[in-house]
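Remarks on the structure that follows.
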């Protein structure tokens, strides 16, 4: 028995689960997932292409938008193989190493996206508070440094978490309730003491997305304070209108994640289907809606997209 418990788990696998009770409809369920991935990848790629090929868009707001589109592409690519694999080909198995790699990249891109949304809030605050010095404050080297810090912070936070998970022994059924690997669920499959990882996971959540959301909230308070001091109502509305796209992106990103965190704390009293659906929403909705929201609200992007597809 002790030999079994100490066996190395590198040859073992995790098993994914689709929507329970709908196994015979997996092919039909795969259709909206395929559509969402196509829209996400094409939409974010078009935004990146337009910003890259139009030097007139080399402004801080659009550079931050290109960072957001890149992280959305990363999330889509990290989750697509396993989600489409289970619904299209009934491919339920994933090796431990592949699962840990997927887990690392999903949480890494989520952490980076949270940081980018914070930078975009800072961008809007500076644009409204000090428009004359906007371009001199947010120079290209400073923006590049900010982006590098976002990536390094994500790696520094998520790499130890993944390494800690890999040190555990896994001797249970290893059946995951989602179609992708997430830290909270993989951690519960371990037979080892997960207290340290549990505490560290909560700490990283508060340090990254918790702190970022608090700073975004404070930045919007400062933006409202600045806007309300503007005498002209038309100028006030015009300033607020520049924040609508970012505000929608913040709601799309943080709202499902907050509900999912609450459900994980009270999962015994919540429907498993609701937890699965919220998990999909938190990962698939931001990459799907962000390019649509920004394309609709930004007249420069909208004009170039129409020029690109309608000759």
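We did not get these values from a lab; they are worked out from the coordinates using the rules stated. The shown structure was predicted, so the numbers you read here are calculated from the model rather than taken from an experiment. As a convention, Cβ positions derive from the backbone with ideal geometry for all residues, glycine included, and neighbour counts pool all protein chains shown.
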So, restricting to helices (runs of 4 or more DSSP H) that lie completely within region 177-235, which ones have at least 2 residues that are in contact (Cβ under 8 Å) with a residue 24 or more places away in the chain, over 30 Å from residue 22 (Cα atoms) and more than 25 Å from the chain's Cα centre (by Cα)?
211-228
Considering only region 218-240, state which residues are within 27 Å of residue 283 (Cα to Cα) and surrounded by fewer than 13 Cβ atoms within 10 Å (Cβ to Cβ).
218
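Residues checked against (1) within 27 Å of residue 226 (Cα to Cα); (2) out of contact with any helix residue (DSSP H, G or I) (no Cβ under 6 Å at 6 or more places or on another chain):
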{"site": "106", "(1), (2)": "no, no"}
{"site": "113", "(1), (2)": "yes, no"}
{"site": "116", "(1), (2)": "yes, no"}
{"site": "134", "(1), (2)": "yes, no"}
{"site": "182", "(1), (2)": "no, yes"}
{"site": "213", "(1), (2)": "yes, no"}
